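The values are calculated or read from the model by the stated rules, or taken from the named source; none is laboratory data. Note that the coordinates shown come from a computational prediction; the quantities given were computed from them, not determined experimentally. As a convention, Cβ positions derive from the backbone with ideal geometry for all residues, glycine included, and neighbour counts pool all protein chains shown. Accessible surface areas use protein heavy atoms only, side chains included; no ligands, DNA or RNA. Shrake-Rupley method; radii C 1.70, N 1.55, O 1.52, S 1.80 Å.
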Amino acid sequence: MNTVALVGNPNVGKSSLFNTITGARQYVANWPGVTVSRKEGIRRWRGREIKLVDLPGIYSLGAISIDEKITRDYLLREAPDVVVVIVDALNMEQGLYLLIEVLEMRENVMLVVNAIDEAKKRGMKINRYELEKHFGVHVVFTSAVTGEGIDELLDRALHIITTKDVHSFVELTYQKEIEEKVRKIEERIQNAKRLRSYKPRWLALKALEGDPEVLELLEEFEIPVPTGEENKKYKEMIAQRRYQYIDSVLREATTSFDQKLSVSEAFDHVVTHRFLGIPIFLAMMYLAFTFTFDVMSPLSDLIDTGISSLGEWLRGVMGNGWVTSLVVDGVVSGVGAVLVFVPNIFGMFLALGFMEEVGYLPRAAFVIDKLMYKLKLSGRSFMSLILGFGCNVPAVMSTRGIADPRERLITILVAPFITCSARLPIYILLAGIFFKGQEAAVIFTIYISSIVLTAISATLLNKILFKGQPIPLVMELPRYRLPSAKNLWLYVWERGKHFLEKAGTIILISSIAIWFLGSYPAPADKSFAADLGKFFEPLFRPLGYDWRMVTALIFGTAAKEVVVSTFQMMYGDPSSVLPHLITPPVALSFMFFVMAYIPCFATIAVIKTETGGWKWALFSVMYSLFIAYTVSLLISVVGGAIL
């Protein structure tokens, strides 16, 4: 099977093209040695199967961030048959810089100019043949939205695979001083047999740029290379020459388009405004949670009715006995209590997916960046934290794109405070019982509180553990686009299916375990579960929690959804029992405790892997428990005094 690797800057439509080409025939795995997901897909074309690999979005091959290192290592060691560099038709400069870097590394490269439909709408003309002449590669114009050029892209890739016709790369000539240094280093490299798998010119240029890995590699062979201030000087000269070349090519290959202020640019002035930006972000999030609760609740009620009917029918068919209790009270009741909230979970992902597809979330990162900078973080951290609204695991994993190790560690440690989708069923359950008519407002308050708590924790940890300044956020803001129904569905499904998978695995197993612990040696308050809850109950008595709530929190460390399953099995009907046992302030306190306490086992495992040991994983557990208890105690005491 032949392999085609997709490379490009963030927000150029690379993943959209990948989704368009592969459709449903894609899967997610991990890159070797790191917990970073890799997307691969299969496309059958002209009688051949082609594997496509969607590499992380990067701006250069400098190997500073983990994303850059992964992409560079893949291109160097995996040897894909074709490397497709994707650039944005309306903003090609940075993408072409990456193209030059890739071409200096390898030859089997083609260029894809994406969003060509939007360039046409703006009156922009791009001369394909000028690009082919100056870069020596096949060039294809595509649109991930309309599907234009997809067939040609696959045909050109297949042509390169079958004929090895890669055109002739027009080697970029640098300043005289650079070329002399490159020639001297190349001569020494060619004498080292173990370095013959690399292009000598690429190694020489990277050495002049001060690339740490290349410098270390050349030192092994005692090849003298510049260091320190010389590297800084040569790096600037190389970058300057590349941009000069790109500018000259673009002057010949493109015609300027209408520079009048467009509707999207005018809209940007509003949504990224220094004063209006944050209120708009809060309003967007409030609308998302209102949609999640108000619009999707009827579907949840329908599922709830269906599960209740299924339980009653099974009880009638199976009769009494421990098997019936296991199936109805354990499996159906436990798993069903979580499945009821599937519409809400998918609704939240639909709202977040819509904001990401139209291009709003990167702008939110830009708006928040100034605030994050004061916390000694950046908008990069915000983009990672936003993922936490879906699941804390990918939020922690996504920190690989943060180059500063200090900022990356702080982001990893505070990411679990962001309320993930697994906690949402607990909020919906308790808000629906104790705050009828105000559910969306209460849940919105919890989500905003999780962001505030994350910010406070970041500031606190920075002051205690680290000193320093963040690296400013540099990013290209994507254009506003109407979301593709296909891409939106893939976004929702890829994130929502994780919830369904947990329902069929972790939650199912946990429900059976909870049923057993709650039924033996005797049901209810004489069971193993009761013993466990009662043992820790004194610690939680100041918060107003009974032993069943404590038991639910303990079981919830496996997966937060299990708290709902435990409630269902311990209380029977939480909506009729809980109002007689606890007050609204205690219920709110419990929701805040769930928001802040121990990350689930999967998140703890990822923190351990990403930080290289148990030290920070255990710190995260203890720190989150302390914060959860303190905040919840405050809410219980203050709320109880007021009410």
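What's the center-to-center distance, using Cα atoms, between the range 113-173 and the range 223-256 in Å?
23 Å
Can you tell me the orientation of helix 360-374 relative to the chain, as the angle in degrees between its alpha-carbon axis and the longest Cα principal axis, to the nearest 10?
Result, in degrees: 80.
Using the Kirkwood radius over C-alpha pairs as Rh, can you work out the diffusion coefficient of the chain via Stokes-Einstein at 20 °C, viscosity 1.002 mPa s, in µm² per second?
Stokes-Einstein gives a translational diffusion coefficient of 79 µm²/s.
Work out the length of the dipole vector of the chain about its Cα centre, built from +1 on the beta-carbon of each Lys and Arg and -1 on the beta-carbon of each Asp and Glu, and round it to the nearest 20 debye.
Using Cβ point charges on Lys, Arg, Asp and Glu, the chain gives about 460 debye.
Treating the angle as unsigned and between 0 and 90°, give the value, to the nearest 10°, between the Cα long axis of helix 506-519 and the longest Cα principal axis of the chain.
With rounding to tens, the tilt is 20 degrees.
If Lys and Arg each add +1 and Asp and Glu each add -1, what is the summed charge of the other residues whose beta carbon sits under 14 Å from the beta carbon of ILE604?
It works out to a net charge of +2.
For the range 179-239, count all C-alpha to C-alpha pairs, find those more than 15 Å apart, and express that count as a whole percent of the total.
40 percent
Any idea what log10 I(q)/I(0) is at q = 0.13, 0.17 Å⁻¹ for the range 2-163, Debye with uniform C-alpha scatterers and no solvent?
Here log10 of I(q) over I(0) equals -0.56, -1.00.
In debye, nearest 20: dipole of the range 527-599 around its Cα centre with unit charges on the Cβ of K, R (+) and D, E (-)?
Charge dipole, the range 527-599, about its Cα centre: 100 debye, nearest 20.
For the range 489-638, with every protein chain kept in place, what is the accessible area per residue (1.4 Å probe, Å²)?
That works out to 43 Å² for each residue.
Grab the beta carbon distance between GLU78 and ALA522, set R0 = 45 Å, and tell me the FRET efficiency rounded to 0.05.
0.15
To the nearest 20 debye, what is the magnitude of the charge dipole of the range 503-643 about its Cα centre, counting +1 on the Cβ of each Lys and Arg and -1 on the Cβ of each Asp and Glu?
220 debye
Leaving out ligands and nucleic acids, note down the accessible area per residue over the range 179-239 with a 1.4 angstrom probe, in whole Å².
Per-residue value: 58 Å².
Which of the pairs LYS502/LYS608; LYS125/LYS206; LYS69/LYS232; LYS69/LYS184 have their Cα atoms more than 31 Å apart in this structure? Intermediate results must be reported in sequence, preceding the final value.
Details: LYS502/LYS608 21 Å; LYS125/LYS206 34 Å; LYS69/LYS232 20 Å; LYS69/LYS184 27 Å.
From LYS502/LYS608; LYS125/LYS206; LYS69/LYS232; LYS69/LYS184, over 31 Å: LYS125/LYS206.
Just name one of ALA641, ALA617, THR566: the one whose Cα is farthest towards the positive end of the charge dipole of the range 492-643 (beta-carbon charges, Lys/Arg +1, Asp/Glu -1).
Among ALA641, ALA617, THR566, the one farthest towards the positive end of the dipole of the range 492-643 is ALA617.
Projecting each Cα onto the charge dipole of the chain (Lys/Arg +1, Asp/Glu -1 at the beta carbon, about the Cα centre), which of ILE464, GLY13, ALA144 comes out farthest on the positive side?
ILE464
Heavy atoms only, 1.4 Å probe, whole protein assembly: order SER632, SER309, SER60 by accessible area, highest first.
Details: SER632 0, SER309 60, SER60 30 Å².
So the residues, ranked largest to smallest area, are SER309, SER60, SER632.
Restricting everything to alpha-carbon atoms, can you work out Rg to Rh for the range 291-339 with a Kirkwood hydrodynamic radius?
Radius of gyration relative to Kirkwood radius: 1.11.
Please report, as a whole percent, how much of the solvent-accessible surface of the chain comes from carbon and sulfur atoms (probe radius 1.4 Å). Mind showing how you got there, number by number?
On the way: 17240 of 28100 Å².
Looking at the chain in its full context, I get 61 percent from C and S.
Heavy-atom accessible area per residue, the range 2-163, 1.4 Å probe: how many Å²?
On the way: 5530 Å² over 162 residues.
In whole numbers, the range 2-163 has 34 Å² accessible per residue.
Using only Cα atoms, find the angle between the long axis of helix 229-253 and the longest principal axis of the chain, and express it within 0 to 90 degrees, rounded to the nearest 10.
It works out to around 80 degrees.
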